[in-house]
Structures are given as C-alpha cells and as structure tokens.
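Notes follow the structure.
The values are calculated or read from the model by the stated rules, or taken from the named source; none is laboratory data. Quick caveat: nothing in here was measured; it's all calculated off a predicted structure. Using ideal geometry, Cβ is built from the backbone for each residue, glycine included, and neighbour counts are taken over all protein chains shown. Accessible surface is based on the protein model in full, side chains and every heavy atom, while ligands, DNA and RNA are left aside. Shrake-Rupley method; radii C 1.70, N 1.55, O 1.52, S 1.80 Å.
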Amino acid sequence: MKAIKVFPIPSPVETEGLVVLVDILRATSTIVAALAEEATLVKPVASVDEALLYKEKGFLVAGERGGLPPEGFDLGNSPREAYRMVRAKVVLTTTNGTRALGFVKRAKAVCAGSFLNISAVSKFAQRFDEVLILCAGTEGELALEDFLFAGKLALKLESYTSANDAAIVARKYADNVKEVSREIFSSHHARNLIRLGFKEDVSFCTQEDLYQVVPILTQEGFVALKGVEDET
Ligand code: MLT
C-alpha cells in the first residue's frame, strides 16, 4: 500500500522513498523558479557566512534573514529574481526553508515542491511507494501556505491510501480551500512579506503549474529534472 505522511513543522524524517521539501513563501518557490529559468545549480546552505564563502567560487549568493538580503549578498530570496540566475550557480540560505533540509536524516530522493510546480512534483512522486511532505513552517510554527500545499499535493496523490493524521487533516483542509491565492494572502507570513514590500512575490508564489521542473537534491545542491511524465 502506498503511504503518504505530512510533517506540518520540521521534524526528523527518514524514508526509503521521497521527501518533498516545502517552503512556499518563499524558499522552495525560489529554488523552483531559479532552475526553471536555467540556473545550473541551487546549493542550499545553513548560514550567511557559509553562503558568502561561495562568492569567490563564482556563485551568485542569494537568500534572506528577516526577509531581506544580508549584507554582501547578490540577491534576496525572491522567485521573481530568477531571471537574474540564468546559467548561474546559486548558493541560497534562508531562515526556515534551507534549515528544514537538516531534518532529512535519510531518503531515497529529496525534491523541492511549490505551487509553481505542484503537478510535476505529483507526477514525480508517483515513482515512490512512500512520500513524506516536510513543511518548513515559520520559526518552529505551522505555516498555513506550506500546510495548504501539503494538502493539495496529498489530494493529487489519492492512491496513497495509507496516510498519517497530519496528511488526513491536510487533505480535508485543502479540499475546502477553493481559492489558493486568497487563502495564502490571509497567512501570517504573507502579511509579513507584504509589510516588507514583497506583495508581488506572494502573488507569484500562489500560481499553480507555471513550471514543469522538479528540483532534485544531489551532493552539489538542487538540479533540475525536467519533463516528468505521469507514471500511473
Ligand atoms: C524562509 O526560509 O524562512 C523564507 O523563505 C523566508 C522568506 O520569505 O524569505
């Protein structure tokens, strides 16, 4: 029986299957957009200092603390800046999204999910008997937009009938949300980003299926898997 589990906040996860990392606002949306716009690599790192070390290795340094790019960074954490990442190697550090990767203890594969590539992720996920959706949350708390994505993805994976309680609740919640954008705009994180002047980033991140790319984690960082076919 195929199994799906949702982790609403970062928790240590292990699986013989797939982990889908989710930070809708904005880290995984940025990773997806960067690779869709032909960045060659997105390397997630934990700290600002570590990210800056990659500058002399020819990387573009991107990310945020408190929503804004730290001093010395080339770019922030905006999916709308992806056009500046064409053919670039990018190093990315964010408060919650890249940090959540540290909770993946073992997995056959790790990919980045967002509304921008939700159908491509759902097709890719069908290669695995177990799918874990790891929500980055916001500073240890549940983030509405991540949990909503988890539910929408879990609904697409309807043949995954073994579900943990969080996946059951996420499916019910997502099934009741008809307007994804409106719902996300009501979230704490969206309101915070709007206050910082990133309303257009929030809008951008609510778009479904803008891209067909699935970012896959390798030793070097996330690389693009393109043109994923439906395997059911
Ligand atoms: C994070 O990882 O905490 C977010 O992506 C923050 C942000 O919205 O830039």
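Overview of results
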item: Helix axis angle, 144-156 relative to the chain longest principal axis, alpha carbon, degrees; result: 50
item: DSSP loop trypsin sites (Lys or Arg not before Pro) with at most 12 other Cβ within 10 Å excluded, longest remaining stretch of the chain; result: 88-177
item: Among beta bridges that DSSP assigns inside the chain, antiparallel share in %, nearest 5; result: 20
item: Amide H contacts of LEU132 (H built 1.01 Å from N, under 5 Å, at least 5 apart or other chain); result: LYS5, LEU18, VAL19, VAL20
item: Paramagnetic reach from ASP165 (point 7 Å along Cα→Cβ, amide N under 18 Å) across the stretch 7-22; result: 7-12
item: Neighbourhood net charge (9 Å Cβ-Cβ; Lys/Arg +1, Asp/Glu -1) for ILE133; result: 0
item: Charge sum, other residues only, whose C-beta stays under 14 Å from LYS57's C-beta, Lys/Arg counted +1 and Asp/Glu -1; result: -1
item: Only Lys, Arg (+1) and Asp, Glu (-1) charged, at Cβ; the stretch 3-216 dipole about Cα centre in debye; result: 180
item: Heavy-atom SASA rank of TYR160, TYR54 (probe 1.4 Å, accessible area, largest first); result: TYR54, TYR160
item: Derived scalar couplings ³J(HN,Hα) [the stretch 85-101; Karplus, 6.51 cos²θ - 1.76 cosθ + 1.60; whole Hz; x for Gly, Pro]; result: 10, 4, 6, 9, 8, 10, 10, 10, 10, 9, 5, 10, x, 6, 5, 4, 4
item: Nearest-ten-degree value, helix 27-36 long axis tilted from longest Cα axis of the chain; result: 80
item: Whole-angstrom Cα spans of the stretch 3-216 along principal axes, big to small; result: 48, 36, 30
item: With Cα atoms, 0 to 90° folded angle of helix 165-176 axis to the chain main axis; result: 90
item: HN-Hα J in Hz across the stretch 209-216 - Karplus 6.51, -1.76, 1.60, θ = phi - 60°, x for Gly and Pro; result: 6, 6, 10, 9, 7, 10, x, 10
item: In nm, spacing of pseudo-spin labels at SER203 and LYS178 (7 Å Cα→C-beta vector); result: 2.3
item: At most 14 other Cβ within 10 Å, DSSP loop - GluC sites (Glu not before Pro), the stretch 86-157; result: GLU139
